[in-house]
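A.B. asks: Please see the structure below; I have some questions.
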Amino acid sequence: MMGFWYYFWTINFVVAGTAFALIALIVTVRGSKDLRDMFARLKESGAAQAIADRNCKK
C-alpha cells in the first residue's frame, strides 16, 4: 500500500514542478518583450527621468 502513495506523490510533484517550470518560462519569454516596450514608452515620455529625479532627492 505504501508503494501507491510513494508513486502518487512522486508523479504529483513531477507534474507540479513541470507545470511551474513551463509557466515560468512562458512568463519570462513573453514578459521580457512587454518590459522592453514599457521602458521604451517611459523613455519616450520622459517619465523615467522624472522617477529618477524623484528618487535622487530622497
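The values are calculated or read from the model by the stated rules, or taken from the named source; none is laboratory data. In this text, all values refer to a predicted model and were calculated from it rather than measured experimentally.
A.B. asks: Just to be sure, is K58 outside any helix (DSSP H, G or I) and either basic (K, R) or modelled with pLDDT under 80 (or both)?
C.D. replies: Working: outside any helix (DSSP H, G or I): yes; either basic (K, R) or modelled with pLDDT under 80 (or both): yes.
Spelling it out, K58 is indeed outside any helix (DSSP H, G or I) and either basic (K, R) or modelled with pLDDT under 80 (or both).
A.B. asks: Name the residues in the range 4-29 that are within 9 Å of the chain's Cα centre (by Cα) and not aliphatic (A, V, I, L, M), would you?
C.D. replies: Hit for the range 4-29 is T28, nothing else.
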